[in-house]
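Below: one structure, written as structure tokens.
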Amino acid sequence: MTPTATTPAATGTASAVPLPTGPAPAPNPASARSRSIPTWVWALPPVVVLALAFLYPLALVVQQSFTPEEGGASLGPYAEVFASAVFRDALATTVWLAVGSTVGCLVLGFVLALVIAFVPFPGGRAVARFVDVFLSFPSFLITLALLFIYGSVGMANGLWTDVTGAADGPFHFLTTPWGVLLAEITYFTPFVMRPLLAAFSQLDTGQLEVASSLGAGPVRIIRQVILPEALPALAAGGSLVLVMCLNEFGIVLFTGAKDVTTLPMLVYSKAILESDYAAACVVAVVNIAVSVGLYSLYRVVSRRAGA
């Protein structure tokens with residue numbers, strides 16, 4: 001007999017409902033096998049790809065940095081590079097340019113993002129979209145634009161000579177560290193503005209209205225309401241700019257600043273111009289260490305500031 005169960009009907013009578021019978025469904029072999037495979041097996045393929053694409057070339061650079069021209073393994077290349085005044089100057093120039101550019105981008109990017117997000121003006125959306133497009137521009141393009149304006153035969157110097165009749169214009173700062181700093185701030189500021197604009201779009205405008213109704217001025221609203229909400233975006237944009245400035249090569253090269261030698265420029269000089277690959281690898285390893293160290297320090301400071 002087939003077992004049945006009774007359920008109350010709408011009229012109060014009982015009706016017989018047959019219960020399901022038969023063998024239980026068989027387990028899926030593929031599902032069982034997937035559960036039996038350890039999780040580290042699934043993580044192994046991407047780890048291998050990352051290791052081959054990034055860690056293996058980096059390991060080769062580190063290995064070459066310990067290999068002098070006469071062969072073998074030695075700390076001689078490091079001792080020779082560290083004793084060089086050119087390397088010490090390049091290290092100092094790289095750090096102060098990166099830190100100065102990051103501070104300039106944070107200040108300028110925060111002000112411009114405030115204006116675009118909270119000051120209504122015609123074309124505000126077009127400007128915000130242009131910031132997105134600007135991120136795709138190569139760095140040397142911005143440097144060339146600055147050369148057309150402030151270069152020795154640029155528009156500014158040409159206008160000066162036309163008006164005053166002088167033989168030469170006064171603008172020659174692009175070939176100095178200040179010119180490199182201006183070019184890096186100009187190019188990297190949108191990398192700070194983009195996360196800020198995204199953060200400002202999520203900001204509750206009701207907080208601003210309440211603060212304004214309570215008598216808070218614009219400066220106080222920015223300091224106590226907007227800035228705390230913007231700190232994570234500032235940390236993200238600032239850390240990105242810091243790392244990119246530490247490793248920037250095209251801007252320094254295209255400005256023609258012969259007296260400005262950064263670590264990437266020194267790697268190029270040692271490897272291409274002097275064919276000293278061991279010294280070039282030493283400088284590259286130091287550049288990586290400085291980048292990771294300053295990035296980690298920046299993240300710790302920004303996290304504590306946010307807390």
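The values are calculated or read from the model by the stated rules, or taken from the named source; none is laboratory data. Bear in mind the structure is a predicted one, so any value in this text is a computation, not a measurement. FYI the Cβ positions are ideal-geometry reconstructions off the backbone, even for glycines, and counts take in every protein chain you see.
A quick yes/no check of all residues on (1) part of a helix (DSSP H, G or I); (2) surrounded by 12 or more Cβ atoms within 10 Å (Cβ to Cβ); (3) of a type outside the set (A, V, I, L, M):
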{"residue": "Pro46", "(1), (2), (3)": "yes, no, yes"}
{"residue": "Ala59", "(1), (2), (3)": "yes, no, no"}
{"residue": "Gln63", "(1), (2), (3)": "yes, no, yes"}
{"residue": "Thr67", "(1), (2), (3)": "no, yes, yes"}
{"residue": "Ala79", "(1), (2), (3)": "yes, no, no"}
{"residue": "Ala98", "(1), (2), (3)": "yes, yes, no"}
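For the stretch 54-69, indicate whether the set of residues that are within 29 Å of the chain's Cα centre (by Cα) and modelled with pLDDT under 80 is non-empty. Yes: the stretch 54-69 contains one or more residues that are within 29 Å of the chain's Cα centre (by Cα) and modelled with pLDDT under 80.
To keep it simple, each residue is scored yes or no on (1) in contact with a helix residue (DSSP H, G or I) (Cβ under 8 Å, 6 or more places away or on another chain); (2) farther than 24 Å from Val283 by Cα; (3) surrounded by 17 or more Cβ atoms within 10 Å (Cβ to Cβ).
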| position | (1), (2), (3) |
| --- | --- |
| Glu184 | yes, no, yes |
| Tyr187 | yes, yes, yes |
| Met193 | yes, yes, yes |
| Ala199 | yes, yes, yes |
| Gly206 | no, yes, no |
| Val225 | yes, yes, yes |
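Just one of the listed residues (Val252, Val285, Val292, Val241) is among the aliphatic types (A, V, I, L, M) and closer than 19 Å to Val111 by Cβ, and it is Val241. For Phe148, are the conditions met, namely being over 30 Å from Ala235 (Cα atoms), assigned to a helix (DSSP H, G or I) and either of a type in the set (Val, Ile, Thr) or modelled with pLDDT of 80 or more (or both)? Against the criterion (over 30 Å from Ala235 (Cα atoms), assigned to a helix (DSSP H, G or I) and either of a type in the set (Val, Ile, Thr) or modelled with pLDDT of 80 or more (or both)), Phe148 qualifies. The single residue among Gly250, Gly293, Gly256, Gly237 that is farther than 30 Å from Glu70 by Cβ and loosely packed, with under 13 Cβ neighbours inside 10 Å turns out to be Gly293. Within the stretch 160-180, being surrounded by 13 or more Cβ atoms within 10 Å (Cβ to Cβ), free of Cβ contacts under 8 Å to residues at least 24 places away in the same chain and of a type outside the set (Phe, Trp, Tyr) holds for Thr161, Gly169, His172. On inspection, Ile142 does not qualify as of a type in the set (A, V, I, L, M) and either without any contact (Cβ under 8 Å) to a residue 60 or more places away in the chain or over 28 Å from Pro195 (Cβ atoms) (or both).
From the list Gly215, Gly237, Gly250, which residue is more than 23 Å from Val180 (Cα to Cα) and small (Gly, Ala, Ser)? Selected residue: Gly215, the only one of Gly215, Gly237, Gly250 that is more than 23 Å from Val180 (Cα to Cα) and small (Gly, Ala, Ser). Within the stretch 102-130, the set of residues being under 17 Å from Phe191 (Cα atoms) and charged (D, E, K, R) comprises just one member, Arg129.
For the stretch 85-120, the candidate set comprises residues that are without any contact (Cβ under 8 Å) to a residue 24 or more places away in the chain and β-branched (Val, Ile, Thr); within that set, the residue that is nearest to Gly250 (Cα to Cα) is Val103. Taking the stretch 259-285 as the range and being touching a Leu at 6+ places or on another chain (Cβ under 7 Å) and either more than 17 Å from Thr143 (Cβ to Cβ) or surrounded by fewer than 17 Cβ atoms within 10 Å (Cβ to Cβ) (or both) as the test, the residues that pass are Leu263, Val283.
Filtering the stretch 81-96 to residues that are surrounded by fewer than 17 Cβ atoms within 10 Å (Cβ to Cβ), part of a helix (DSSP H, G or I) and not acidic (Asp, Glu) leaves Phe82, Ala85, Val86, Arg88, Ala92, Val95, Trp96. Considering (1) under 19 Å from Val285 (Cβ atoms); (2) at pLDDT 80 or above; (3) not β-branched (Val, Ile, Thr), the lone condition that Pro45 does not fulfil carries the number (1). Selection of the stretch 246-265 for residues being in a helix (DSSP H, G or I) and closer than 28 Å to Gly154 by Cβ yields Gly250, Ile251, Val252, Leu253, Phe254, Thr255, Pro264, Met265.
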